[in-house]
Amino acid sequence: MTESKRKNSISRRSFIALAGGAAGAAAVASLGLHLDWETNNPKVDIDALGLDTFKTEVLVIGSGMAGLFAAVKAHDAGAKVLMVSKGRLGSSGLTPFAKGIFAYDPAKETLSIDEFVAAVSRSALGTNNPVYTRQMAEHSLARVNELKEWGFFDSTLYNKSFSKPIEERNIPIQERVTITHLVKENNKLVGAAGFSIDKEKVIIYEAKSIILCTGSGGFKPNGFPICDLTHDGTVMAYNIGAKVTGKEWNDGHPGKAKNAAACYDGWGDMFEQKPGTTGIEVHHDLGVDMNYVAYTNGSPLKMGPPGSGEKTEVSGGPFVPEEFSRQNSKPPDNGDRKPPKGGHGDGAPPGMGGSIVGGSSAGMAIHKSEGLVPINDQCESNIPGLYAAGDALGSYMSGGIYTQIGSSLSGSAVQGGVAGEAAANYCKNVEISHISTSKIEEIQEEILAPLKREAGYSPAWVTQTLQGIVIPNFVLYIKKENMLKAALAYVEELRDHHMPMLRAANMHELRLAHETANMIVSAEMKLKASLMRKESRCSHYRLDYPEMDPENWEAWINIFKGDDGTMQFEKQPFNSWSA
Amino acid sequence: MSIVSINGCIGCEECIKSCPTDVIRLNRDTKKAEILYPEDCQICHLCRMYCPVDAITISPEKSIPVIVSWG
Amino acid sequence: MGLIMNKESKIYKLLPLILVFVGVPLLLWALGEFPKRSVFKELLSLIIILTFSLLLGQFFLTRTNKILVKQIKMSSVLKIHKFIGYVFIIIIMAHPFFIILPKFFDNTKTPFEAFTILLTSFNSLGIVLGMVAYMIMLIILITSFFRFKLHLQYRTWRKVHGYLAMLFIITATSHVINIGRYNSTSFSIYYLIVVASGIFYLLRIYLFKSTKKVIKND
Ligand SMILES: Cc1cc2nc3c(=O)[nH]c(=O)nc-3n(C[C@H](O)[C@H](O)[C@H](O)COP(=O)(O)OP(=O)(O)OC[C@H]3O[C@@H](n4cnc5c(N)ncnc54)[C@H](O)[C@@H]3O)c2cc1C
Ligand code: SF4
Ligand code: SF4
């Protein structure tokens, strides 16, 4: 990123220092950024903020690929559905940017589904949950055919095709509403709560069942279009006792050194293409190999065709199973940027040549590896009535590494459908409960707290500080005990002293404040899970434990909130269901 | 920087709804889209692609420091 | 409708008008800090900008422009006026389509979707002004075309045409200033000056009836 010019006052040097580790936190503070962090001057009239209440049977939170199918299938299974999203249907989360969707078409494939699942499991080194891998393959073609019918493949913009089935079924949808709370009363899931940035209102939802289709999240990184997602679903669910998983894995998407933050430019013209389908092509991709090369050799790092680059010049680093190493597979037709090729699988995202930098998707794990822990193949969590689908479910469909190209999108579609049906069936046997007035008042208070603070810390400043602490390669990707612990100390400081003092001047900042809090919790989860997993496997790499440890670590890590409110961890053996 | 300017806006609000990070809002007086929070722009071009009259201009440069994993 | 300007001297005599109604907008466009877009899109925009400024020029390309009529033959002035009138009004009529033309070449909204949004954005003052101006323009076009079938006295016709033109130019200019992609302050000032002087010129003639001499030339 040396050649990029910058007009603002921050010098490149102090800026690099900023990325330079936990010490960067101090650097941010001393940069003299005009962030106005002392006083709060709310432009919103807090006392005038209203409150709305809605009732439904199934509440679908999120309007990406998973949310779409969750709403449609829950409706078709007879439930009254309400969809709510932080953004717009088909234009929020990661879904708008994915252009290749996997469909297992038995007529076209030479591998049977059994063989396909076996190949994924071999590449994933056991980290995948074969039940979800199989489910994705089995249902993918049906979902893709429905999408085709709705016109999904006709436009690069998904709002129109997604609106078709939703409008046909008259499913109400509320957009630009940020959900901040799942509500449990008398040990029962009773609804959710959040706020609308347009109506400037707190909104309460009473529901029998909730499907979290809130996608994944990151640390608002630069170069990957994930800045609207901060693991909200995971953190909300964690707060009411759900188990979550997958925090030690890392997505290793690189970015272009020049204008690293420009997602669109980094992906060539892929964002502007129509989607297409992909067939079986199992790899072991986009883990942290490149991060390792950058760590050992330093920057700049050039991105050559996959398998031909500097990977061969370093010894050690993340283990890639022989069968799936790019050197052994036939050279992929690099530069081919047709939609089905896009996304995961190519060594480099389309259009990425020249010098590259890391951390473009910092804070996000491999799709489907992180999220709520399912207790069965129905996308159900350990909290009755609470379901999750797509990137919000830790289904380990792909494992701790990317295996099948295009399966992330179809996995979200398939799981959305499964969860929708399951939630609708669950509703048949339960009564709707009301949320008590005292609970509503308590939640309202919590939601609006940042607006009421007279002094505190701006979400933008806390976010930048957090990024300086966790995003460096030697913290997030090439891990070792002392660095993880050092970073954790900073993050705990943010958690204990800054999270309770986040302030907001308007509804936009209120959303940022809640997102920032979720990022801090996610960072704690990521660091602690990384410390716990004392081995290297797939996209989790420990410099101090570089080998796989089959004896102790044929297991996933589940995270949950203990009775005392602290973060607890447990192992769940591969190929087993959580109790 | 990032999202730079809006010219020839017809106030249809497509960009406002389509922006994942709530960067753009409708100006209540002029009834036109207005760039309110450019520092939160993730340079994804969704707003531009959803705009029916191609009113939005976006630059690849970000207006606040870009933090990456190595440099 | 054809305009045959066979003598270079005519062009030379029209030069001041060309400068004001082609040169100045071009200059403002080139100097303005407008975001650069693809050649195709810029070309479309330029055509629309020039068309509009030439339409503004119509105020000065009439038989009431004594200076010009003296220099060039009356019939030529009228020919130019008619040519610009018909050809450029057709371009202006098509300009809403120009705006959505690029949608034929990308994978985003279809031209039809974009156009539907365009035509239903009633909360935009600029769009409403544009639609009103469009209607008036249609009326001007139709009445001009069927001028002789309307059996109007020349005087009446001229007044109707002039006032309609005035109304059109006021709404159209407000439309351009409100919603034009190239609505810089300098462009606005330029339009305002041209429109104000055009209207002043027209009104002076209408209200003070000092045009008899000119009409004798008929
Ligand atoms: C650039 C890029 C390219 C990709 N390419 C491919 C590809 O080619 N093939 C492939 O298979 N996959 C690809 N992926 C991955 C794929 O996009 C995702 O795995 C998939 O779209 C996830 O869908 P989802 O519905 O689970 O979540 P998302 O699409 O992320 O949707 C999350 C939804 O939740 C909402 N939400 C979040 N928090 C809240 C809250 N607090 N309150 C209310 N709503 C909330 C959001 O607004 C959003 O609507 C790509 C991803 C990116 C970023
Ligand atoms: S480029 Fe993306 S993030 Fe930036 S304003 Fe447009 S839609 Fe929003
Ligand atoms: S989409 Fe385009 S025309 Fe519509 S409000 Fe946004 S900038 Fe204006």
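The values are calculated or read from the model by the stated rules, or taken from the named source; none is laboratory data. On a predicted model such as this, the values are computed, not experimentally measured, just so you know. Cβ sites come from the backbone with ideal geometry, for glycine too, and all protein chains shown count toward neighbours. Ligands, DNA and RNA are stripped out before the accessible areas are found, and what is left, the full protein with its side chains, is counted by its heavy atoms. Shrake-Rupley method; radii C 1.70, N 1.55, O 1.52, S 1.80 Å.
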**OP:** Would you mind finding the one in C:84, C:90 that is surrounded by 18 or more Cβ atoms within 10 Å (Cβ to Cβ), over 30 Å from residue A:269 (Cα atoms) and away from chain B (no Cβ under 14 Å)?
**Re:** C:84
**OP:** Give region C:157-210 a look and list any residue that's crowded, with 16+ Cβ neighbours inside 10 Å and not in a helix (DSSP H, G or I), or say none.
**Re:** C:180, C:181, C:182, C:183, C:184
Original post:
Can you name the residue in region A:271-287 that is buried (at least 24 other Cβ atoms within 10 Å of the Cβ) and either part of a loop (DSSP other than H, G, I, E, B) or within 16 Å of ligand 3 (Cβ to nearest atom) (or both) and is also farthest from the chain's Cα centre (by Cα) among such residues?
Top reply: A:275
Subject >> Residue list for region B:12-32, filter: away from chain C (no Cβ under 11 Å) and open to solvent by less than 20 Å² (accessible area, probe 1.4 Å) >> reply: B:15, B:16, B:19, B:20, B:21, B:22, B:23, B:24
Subject >> Enumeration of residues in region A:52-100 that are near ligand 1 (Cβ under 6 Å from one of its atoms), over 24 Å from residue B:13 (Cβ atoms) and assigned to a strand (DSSP E or B) >> reply: A:100
**OP:** Please indicate, with yes or no, whether at least one residue in region A:81-100 is farther than 28 Å from residue A:574 by Cβ, charged (D, E, K, R), within 16 Å of ligand 2 (Cβ to nearest atom) and within 14 Å of chain B (Cβ to nearest Cβ).
**Re:** yes
**OP:** Name every residue in region A:397-456 that is of a type in the set (Val, Ile, Thr) and in a loop (DSSP other than H, G, I, E, B), in order of residue number.
**Re:** A:401, A:405, A:430, A:432, A:435
Original post:
Condition test on residue A:175, is it within 16 Å of ligand 3 (Cβ to nearest atom) and either at pLDDT 95 or above or more than 14 Å from chain B (Cβ to nearest Cβ) (or both)?
Top reply: yes
Original post:
From B:43, B:35, B:58, B:64, which residue is more than 9 Å from chain A (Cβ to nearest Cβ) and of a type in the set (Val, Ile, Thr)?
Top reply: B:35
**OP:** Kindly indicate the residue of region B:42-71 that is part of a loop (DSSP other than H, G, I, E, B) and within 16 Å of ligand 1 (Cβ to nearest atom) and also most open to solvent (accessible area, probe 1.4 Å) among those meeting that condition.
**Re:** B:60
Original post:
So, in region A:365-419, of the ones that are hydroxyl-bearing (Ser, Thr, Tyr) and within 8 Å of ligand 1 (Cβ to nearest atom), which residue ends up farthest from the other protein chains (Cβ to nearest Cβ)?
Top reply: A:407
**OP:** Being in contact (Cβ under 8 Å) with a residue 40 or more places away in the chain and not in a strand (DSSP E or B) is the filter; apply it to region B:1-34 and report the residue that is farthest from ligand 3 (Cβ to nearest atom).
**Re:** B:1
